[in-house]
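Input: a single structure, listed below in structure tokens.
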Amino acid sequence: MQNDNNGLWLTDRIPPDQLNKYLGADGGDFIPDALIERQLQDRNITGGAADKIRVREIISKSLAIETLTPEETAILLNVCDTALWDEMESAANTIKKNVYDNRIVTFAPLYLSTLCINNCVYCGLRSCNDSVSRGILTLDEVRDEIDVLAGQIGHKRLVVVYGEHPKSGIDYMVSTMKAIYDTKAVIKNHPGGATASIRRVNVNAAPMTVEELAALNGAGIGTYQVFQETYHKKTYKSVHPPSTPKGNYHWRLYSMHRAIEAGIDDVGIGALFGLYDWKFEVMGLVRHAIELETRFGIGPHTISFPRLEPAENTPFVNESRHIVSDGDFRKAITVIRLSVPYAGMILTARENAELRRSLINLGITQTDASSNIGLGAYNRAKGAKFQESTRQQFVLGDTRSLDDVVKELALMGCITSFCTAGYRCGRTGECIMDSLRTGAEGKFCKLNAVITFREWLDDFASPETKALGEKIIIKEIEELKVKVPKAFDTFMDYYSRTASGERDLYF
Ligand code: SAM
Ligand code: SF4
């Protein structure tokens with residue numbers, strides 16, 4: 001048990017005015033549990049003629065990049081006919097191509113501490129778990145991690161992860177983000193001693209106050225992610241002790257509202273699949289997206305769907321009644337893609353390589369690689385070893401290197417994008433919603449994807465991956481000539497300068 005809890009910090013975490021601000025007059029929220037259960041129980045959708053017509057109508061709405069209503073989502077979730085599921089999967093793939101083309105954005109997770117005052121029953125880092133060693137990285141240790149992530153592997157994007165603890169509060173977050181952005185890592189094996197840096201820091205951390213979120217915004221946050229874990233209130237209560245800050249369902253449910261209020265217009269939502277019925281969680285995610293779109297004109301930039309993984313001394317993960325099978329997981333991803341067609345979708349290295357390979361075409365847009373979630377585990381600081389369950393939140397299913405993942409994606413015809421230009425040029429929030437819906441963002445990002453892929457191939461790829469990647473680049477350049485003729489000359493100028501060693505050119 002960690003004995004350094006700070007009682008005052010705990011009770012002061014949640015200011016009542018900020019907690020209540022977005023609730024309805026009757027204290028209600030946008031997750032009507034009973035209605036969702038009713039919609040899911042309505043009826044099974046078989047392959048009968050009327051059902052086919054209705055499901056195909058819904059699919060065409062998704063293909064027009066319109067967000068589905070909860071009723072339409074429930075219909076898709078209740079489809080029992082395998083041929084209709086095939087049609088839905090094929091539409092998911094088409095939507096991904098139309099909105100995001102063949103780009104897959106890559107990133108790495110970086111855990112900055114293993115301290116946490118919460119006690120989520122499914123998590124290896126829960127405060128009562130004595131089997132996990134605790135620590136927090138110093139700024140020098142953070143820089144050491146970046147030396148490996150940016151200088152040896154070639155990552156440009158991170159999602160940094162903090163537990164909820166006074167020692168990793170907002171001041172620590174801001175100073176670690178600054179240390180990450182400021183680190184110039186020497187590129188391993190580069191003849192000229194060139195440096196590389198992390199260009200985008202996304203944050204996955206506990207819900208915060210508007211003031212704290214404004215500070216994160218000032219520190220240059222990319223996406224702010226908070227996963228609701230489960231949208232089902234009764235289950236939420238049973239897995240998050242009410243005496244902890246995380247026990248407050250509404251504080252978490254409205255984190256993204258406060259983030260947008262604080263000026264962060266790039267937000268990521270998610271649910272932890274395996275706590276409750278997977279269909280209910282999909283309905284929760286879709287209602288959350290609709291709520292953000294309706295209230296702020298900004299939907300979630302990304303949706304995550306982690307599944308429960310084994311964690312040290314954490315029996316709950318094997319005992320849950322709602323473990324999601326691979327088949328149902330596939331269905332969940334398909335329906336999320338169809339219901340919120342503009343959103344980025346993140347599939348992480350929690351899942352094993354084979355499953356990731358089979359799910360990527362269902363509309364995945366982001367994935368991590370070379371991931372190492374132990375504290376100090378990239379640079380092996382503080383005695384860290386690779387995949388040590390006693391030093392991390394859970395155990396990863398896919399520990400392949402970034403080079404291996406890029407190679408595999410290239411063989412599948414995908415280009416790995418290291419582009420981070422969107423938020424640096426203000427292409428976020430409301431401004432990006434229209435370009436995503438019309439497919440314009442895909443064209444724009446492809447220019448940056450090709451340039452950043454060239455950078456990475458030259459600085460970090462193995463000879464085999466480089467050869468495969470170059471074949472993709474040749475094809476992409478031919479397509480860009482036709483699809484973006486106006487920007488093509490400037491693109492070629494940036495591309496040749498990049499190939500000659502210039503770095504960080506973008507549109
Ligand atoms: N401490 C932060 C919080 O709770 O908001 C986030 C840390 S963690 C990187 C992010 C997510 O990992 C959690 O929100 C949860 O969904 C997921 N997670 C926790 N335990 C897990 C487990 N045993 N298997 C898979 N994912 C898990
Ligand atoms: Fe802490 Fe997050 Fe783990 Fe819960 S999921 S115990 S809040 S690190």
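Beyond 25 Å between alpha-carbons counts as too far, so tell me which of LYS446/LYS471; LYS279/LYS407; LYS21/LYS234 fall in that bin.
LYS279/LYS407
To the nearest 20 debye, what charge dipole does the stretch 451-507 have about its Cα centre, counting +1 at the Cβ of each Lys and Arg and -1 at the Cβ of each Asp and Glu?
200 debye
Check VAL79: other-chain or 5+ apart residues with amide H under 5 Å from its amide H, H built from backbone geometry?
Close amide H contacts, sequence-distant or interchain: ILE45.
For the chain, compute Rg over Rh where Rg is the Cα radius of gyration and Rh is the Kirkwood radius from the inverse mean 1/r over Cα pairs.
Radius of gyration relative to Kirkwood radius: 0.95.
So what's the stretch 1-141 giving for Cα Rg divided by 2.2 N^0.38 Å, two decimals? List each step's numbers first, then the result.
Numbers: Rg = 23.1 Å, N = 141, 2.2 N^0.38 = 14.4 Å.
Normalised Cα radius of gyration, the stretch 1-141: 1.60.
Based on Cβ point charges of +1 for Lys and Arg and -1 for Asp and Glu, what charge dipole magnitude is obtained for the chain about its Cα centre, in debye rounded to the nearest 20?
400 debye
Can you pull the one-decimal nm distance between simple spin-label points at ALA49 and ASP86, each 7 Å off the Cα toward Cβ?
Inter-label distance under the simple model: 2.1 nm.
Using amide H atoms built 1.01 Å from N in the peptide plane, name the residues 5+ places from ARG307, or on other chains, whose amide H lies under 5 Å from its own.
PHE273
Students often get this wrong: which residues of the stretch 298-324 have the backbone nitrogen under 17 Å from the point 7 angstrom along Cα-to-C-beta of LYS21?
Hits in the stretch 298-324 for LYS21 at 17 Å: 298.
Using the Karplus equation 6.51 cos²θ - 1.76 cosθ + 1.60 (θ = phi - 60°), what ³J(HN,Hα) coupling, rounded to whole Hz, does each residue of the stretch 94-106 give in order, writing x for Gly and Pro?
Working through the residues one at a time gives 5, 4, 4, 5, 5, 8, 10, 6, 9, 7, 10, 7, 10 Hz.
List the residues whose amide H sits under 5 Å from the amide H of ASP266, counting only those 5 or more places along or on another chain, with H placed 1.01 Å from N in the peptide plane.
Amide H neighbours of ASP266, under 5 Å, 5+ apart: TYR224.
Counting other beta carbons within 10 Å of each residue's own, what order do GLU293, GLU71 fall into, fewest first?
Values: GLU293 16, GLU71 10.
Ranked by crowding around the Cβ, least crowded first: GLU71, GLU293.
Only residues of the stretch 72-115 count here: report those whose backbone N is under 11 Å from the spot 7 Å along Cα→Cβ of LYS178, or say none.
Backbone N within reach: none found.
Within a Cβ distance under 13 Å of HIS322, other residues only, what is the Lys/Arg minus Asp/Glu net charge? All intermediate terms of the calculation are to be shown ahead of the outcome.
Details: positive: LYS234, LYS279, ARG307, ARG321; negative: GLU229, ASP277, GLU281, GLU319, ASP328.
Local net charge: -1.
Run the helix sum for the chain: -39,500 (n - 2.57) per DSSP H stretch of 4+ residues, divided by residue count, reported at 222 nm to the nearest 500 deg cm²/dmol.
After summing the helix terms and dividing by the residues of the chain, the value is -14000 deg cm²/dmol.
Over the chain, what is the relative contact order in percent, taking alpha-carbon pairs closer than 8 angstrom and at least six residues apart?
Once divided by the residue count of the chain, the mean separation gives 19 percent.
LYS234 to ARG357: extension gain in nm, 0.36 nm per residue of separation minus the Cα-Cα distance?
Going from the current span to full extension adds 40.8 nm.
Bear in mind that the values in this text are calculations on the coordinates, not laboratory data. Nothing here was measured: the structure is a model prediction, and the numbers come from that model. Using ideal geometry, Cβ is built from the backbone for each residue, glycine included, and neighbour counts are taken over all protein chains shown.
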